Amino acid sequence: MAFAIEFFLRRISQGLVIVLLVAFVIFTLLRIVPGDPMRIILGPMASQTTLEETAKELGLRDPMLIQFGRFVGEVATGDLGRSYIRGVQGGSTGGSQDADGFDPESRASVAGLIANALPYSLMLAGLGIAFALLVAVPIGIAAGLNAGRWPDKIGLYTSSLFVSLPNIWVGVVLIFLLSAKTGWLPAIGYRGFEYTIIPAIVLAVELSPVMIRAISVSVAQNLGETFYSVGLVRGISRRDMIGKHVLRNAAVPLMNLFGAQMIGMLLGGLFVVEYIFSYPGIGMLTINAVFQRDFPIIQAVAILASAALVIINMLVDFASTLIDRRLKF
Amino acid sequence: MMGQPALETAAETSPVMKVENLSVGVTGRAGIKPILADISFEVAPQSVLGIIGESGSGKTVLSRALVNWISPPLTITGGAVHYGGRDLLKLPQREVNALRGRELAYIGANPTSALDPTIPVGHQILEKLKAVSPGMDEATARERVIDTLDAVRIPSSKQRFDEYPFQFSGGMMQRALIVDALVSDPKLLIADNITQPLDVTVAAQILRLLRDLQQDFDTSIVFISSALGIVADIADDVLVLENGSIVEHQPVSALLRAPEHDYTRELIAKVPRIWQGAETPPAPSTGDIVLEVTDVARTYKVRDRNRLFAHKLVRAVRGVSFEVRKGENFGIIGESGCGKSTLSRLLSCLEAPDAGHIRFEGTDIATLKGKPLLELRRRFQLLLQDPYNAIAAHMSIGRTIAEPLLIHGLASGRALREKVEAAMSEVGLSTELYDQLPVGLSAGQRQRVNIARALVLEPELLILDETLSSLDQVEQAKLLELFEAIQKRRGITYIYISHDLAMVRRVCARIAVMYLGRVVELSDNEPMFAEAAHPYTRALLSAVPTVEDKPYATSDYLLEGEPPDPIDIPAGCSFRTRCPFAFDRCKTEDPRLGADDGAGHAAACHLAIGEMPKPHANTAGGPDER
Ligand code: SF4
């Protein structure tokens, strides 16, 4: 038990440092890119004096470190700031109104925007991973168990095929086939769960090749371990050796791959897929924010993404040390 | 639960297994190349059949064929393995599986990788027991596993049941696998080279254990090994395997006394001798002291899984002192975990000691930095055991050997090539290999490349850390001669770090024996073997597999258990948990390596030599020591 507490205490404190660093980098970058955020907030019509006054009021003329400190303090209380552009009602307001001042209360809170979008993204990501696992686990295991024979080839061909398909193209084709042509599933926007299915398939096509490769390599490698062949001679059946030992051992590298690689791919995939399908998740929110230079949203999403990465890696590592006690914790 | 006296029936005397004209080949591009030819023998009930052969003789293939574990590219090309009236080789896989693990058990040479690393050892044995005896309920099975763990003397078996393979030492793991094999009361146990990876004292324990268990469990054993000394210790009958054929089959005592085949005679002659007819070791040098080690200690920190933010201290080396004189061969021996590899890293400046000093020609190496340190590193070279990983596969042999010269900026152009070629011919590598890649070099040749690479720097001190351990006897002997020749020519000093007593006996003038991070005995060669002063040294010597009479009887000195964990070293004498002579004083007072007795012999023990049993007279008798 002690090791679990120590593990989490240490990893959480390390994680906080990482997230803080990421936050700092993003925060600074967004403040040194060209373009005065005041122009974005107040629009081209605002006068220079209003601009300066509002900037001072918002603290945007303070030294960077002070701004960052203030920001961290706010984040700690759960306040991620307010959008520059989006109104409380949801529409974009930037650039036209408020020419004579800026009332932060009239803009949507970033935390609220994210809280609205997050469930959609989680649902999409969860379904995408589930689809990918559904395809990759059987193919990967079959390929790993039959290295060099036809299931292995199938695994190889499927993954190379999937890798070579750009997800935009997959999305378009699926919309055409499943939605436009047959009318089986809706595709664009979101009005119910069924809107998640096609985007999730696109996501799965992107994720599964890596999974297939990883599973088959890891299973094949464990089949080559001495304990497998010795197990058979010890009198344990092939089925039990695979089911109870090979798969268990194969899970460790897989989980690490998941933490290290898949999460990054998943985040990237979400952005593109949500954009293609106008799916109202975090990806969509962020891409719009990028186009509109809505910095508070961008920085909040970036920080959350790094926190998610840190947390998932922590959980994955913990699970790995539970399976394989040799690993350093 | 075991060893109920069975009624004598006809079946009791007919052989357990009968192998007839067994031939195995390996399929290659040029058809099938034979590996085993026409092997025939019988295994009598309750007997131990030893099979001896050198590497490449086909003994592992034979041991696997006995449990029908032959997979491509190997194929069985003829013959039969009769067991229980049926030919195992012709049985359907399903029935073979039903026999394996239940009536036929197999233990291999690699205990540490034989079980799933992620599941506790006991649980895996339980899994096997339940797999081979359907219908046995969990509680009975568990109890039986724990009983058997006790039977092989695994301490605190209940706790060990839940520990993972990596928490077992090699010897404990081999015991666990013996449990795994015996738990289902097999009729026949095939033991393929099972003592090979173990330290001598542990191997001796395992042998004795196997002999006891064989009686308790009523099992026949086929014991395969490449060490004649070990087979001689356990087997009733011995088969000698040469190049895939049986050349001799005799009871063990007859085999040792009157070998019939030339090959057997050769094998017997190759077993290194420690006492009778041992080559005279070199005399200790009287030259200047080159290396002076005083009270060196090294402790590592490892994280403690059971306590918050706590570390355990692994005390790998605990106050070691000795001196090495110029032109001398100094030996450091000990078993795994005794701290010799840490000491080797300290001596070769790969790590700095936490305490104490290592002085090379009077300069403390810890005080050196930058250029002088680099210069010192040149004069001291370390040669490791593994001749494979040390050589880059993509670099030509000449370039590999030239590397250190380039690093130290000592030569270039023509001079460089000349130096490298000179070193190559000195170690017996053809200079034609200069531009070739190392692929296809044998282990011995690779080790020569390593030696040449060390020699180009003209070192004064060479540390040989198990350098010759992975080589066979013949190659080892050739390299030892090479080292000797180089020493004569260049006056180099060698430190041999090894677990191989016979080798140290042959080449080292002075020897330090290490146990739990300490030198427990420091002596000139001759007195160390004739009248060892520390009980541990005697235990080591009693356990060496040889074919000669040993002055130290196994029954007096054989150790129980394993060295304590260097994390909790017992108070008092650190050897007392295993010492057959421990008495009250040993519990409280830590014996230090005494001053030299004048004859260059010191031991860290409260007992005087006279208080231990006298070494047996060393009269040259028959080689049968049983
Ligand atoms: S000091 Fe005591 S325990 Fe230690 S080796 Fe000597 S007799 Fe044995």
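The values are calculated or read from the model by the stated rules, or taken from the named source; none is laboratory data. Every value quoted in this text rests on a predicted model; they were computed, and no experiment measured them. Note: ideal-geometry Cβ built from the backbone for every residue, glycine included; neighbour counts use all protein chains shown.
Within the stretch A:171-190, the set of residues being polar (S, T, N, Q) and assigned to a loop (DSSP other than H, G, I, E, B) comprises just one member, A:182. Of all residues assigned to the stretch B:460-474, at least one qualifies as being over 22 Å from residue B:402 (Cβ atoms), assigned to a helix (DSSP H, G or I) and either within 16 Å of the ligand (Cβ to nearest atom) or more than 14 Å from chain A (Cβ to nearest Cβ) (or both).
Would you say residue A:283 is outside the structural domain of residue A:75 (by TED's automatic domain parsing), buried (at least 21 other Cβ atoms within 10 Å of the Cβ), touching a helix residue (DSSP H, G or I) at 6+ places or on another chain (Cβ under 9 Å) and among the small types (Gly, Ala, Ser)? Walk me through it before giving the result.
Values: outside the structural domain of residue A:75 (by TED's automatic domain parsing): yes; buried (at least 21 other Cβ atoms within 10 Å of the Cβ): yes; touching a helix residue (DSSP H, G or I) at 6+ places or on another chain (Cβ under 9 Å): yes; among the small types (Gly, Ala, Ser): yes.
In short, yes.
Summed over the stretch B:582-596, residues that are hydrophobic (A, V, I, L, M, F, W, C) and within 11 Å of the ligand (Cβ to nearest atom) total 3.
Candidates in the stretch B:217-271 are the residues that are part of a strand (DSSP E or B) and charged (D, E, K, R); of these, the one that is nearest to residue B:182 (Cα to Cα) is B:237. The single condition among (1) within 23 Å of residue B:341 (Cα to Cα); (2) touching a residue at least 40 places away in the same chain (Cβ under 8 Å) that residue B:527 does not satisfy is (1). Scanning the stretch B:544-581 for residues that are in a helix (DSSP H, G or I) and within 16 Å of the ligand (Cβ to nearest atom) turns up B:556, B:557.
Suppose we filter the stretch B:275-328 for residues that are among the charged types (D, E, K, R) and touching a helix residue (DSSP H, G or I) at 6+ places or on another chain (Cβ under 9 Å); how many remain?
Going through the stretch B:275-328, the residues among the charged types (D, E, K, R) turn out to be B:279, B:288, B:292, B:295, B:298, B:301, B:303-305, B:307, B:312, B:315, B:318, B:323, B:325-326, B:328.
Right, trim to touching a helix residue (DSSP H, G or I) at 6+ places or on another chain (Cβ under 9 Å) and you get B:279, B:298, B:303-305, B:307.
Total satisfying the criteria: 6.
Criterion first (under 30 Å from residue B:118 (Cα atoms), in a helix (DSSP H, G or I) and either within 14 Å of another protein chain (Cβ to nearest Cβ) or in contact with a Cys (Cβ under 6 Å, 6 or more places away or on another chain) (or both)) does residue A:240 satisfy it? Talk me through it step by step, then tell me what you get.
Working: under 30 Å from residue B:118 (Cα atoms): yes; in a helix (DSSP H, G or I): yes; either within 14 Å of another protein chain (Cβ to nearest Cβ) or in contact with a Cys (Cβ under 6 Å, 6 or more places away or on another chain) (or both): yes.
Yes; evaluated as a whole, the condition is true for this residue.
Out of A:51, A:30, one residue alone is more than 14 Å from chain B (Cβ to nearest Cβ), more than 29 Å from residue A:307 (Cβ to Cβ) and part of a helix (DSSP H, G or I). It is A:51. Selection of first residues in the stretch B:573-589 that are farther than 15 Å from residue B:520 by Cβ and of second residues that are among the charged types (D, E, K, R) and within 6 Å of the ligand (Cβ to nearest atom), restricted to Cβ pairs under 8 Å at least 6 apart or on distinct chains, gives the following pairs, ordered by first then second residue: B:587/B:576. Of the listed requirements (1) more than 16 Å from the ligand (Cβ to nearest atom); (2) under 25 Å from residue B:560 (Cα atoms); (3) surrounded by 24 or more Cβ atoms within 10 Å (Cβ to Cβ), residue B:533 misses just one: (1).
Just a yes or no: is a residue in the stretch A:266-277 in a loop (DSSP other than H, G, I, E, B), modelled with pLDDT of 85 or more and of a type outside the set (Ser, Thr, Tyr)? Reasoning before the result, please.
Quick first cut of the stretch A:266-277, residues in a loop (DSSP other than H, G, I, E, B) only: A:277.
Now drop any that are not modelled with pLDDT of 85 or more, which leaves A:277.
So of that shortlist, the ones also of a type outside the set (Ser, Thr, Tyr) come out as A:277.
The answer is yes; a qualifying residue exists.
In the stretch B:163-183, is there at least one residue being in a helix (DSSP H, G or I), over 21 Å from the mean Cα position of the chain (by Cα) and away from chain A (no Cβ under 14 Å)? Checked the stretch B:163-183: no residue is in a helix (DSSP H, G or I), over 21 Å from the mean Cα position of the chain (by Cα) and away from chain A (no Cβ under 14 Å).
Each residue in the stretch A:211-237 was checked for being away from chain B (no Cβ under 13 Å) and not in a helix (DSSP H, G or I), and 0 pass. Going through (1) out of contact with any helix residue (DSSP H, G or I) (no Cβ under 8 Å at 6 or more places or on another chain); (2) surrounded by 21 or more Cβ atoms within 10 Å (Cβ to Cβ); (3) at pLDDT below 85 one by one, residue B:239 falls short only on (3). For the stretch B:342-384, a residue qualifies if it is under 23 Å from residue B:515 (Cα atoms), under 27 Å from the mean Cα position of the chain (by Cα) and outside any loop (DSSP other than H, G, I, E, B), and the qualifying residues are B:342, B:343, B:344, B:345, B:346, B:347, B:382, B:383. Does residue B:131 satisfy the criteria of being buried (at least 16 other Cβ atoms within 10 Å of the Cβ), part of a helix (DSSP H, G or I) and within 12 Å of another protein chain (Cβ to nearest Cβ)? Considered against the rule, which asks whether it is buried (at least 16 other Cβ atoms within 10 Å of the Cβ), part of a helix (DSSP H, G or I) and within 12 Å of another protein chain (Cβ to nearest Cβ), residue B:131 comes out as yes.
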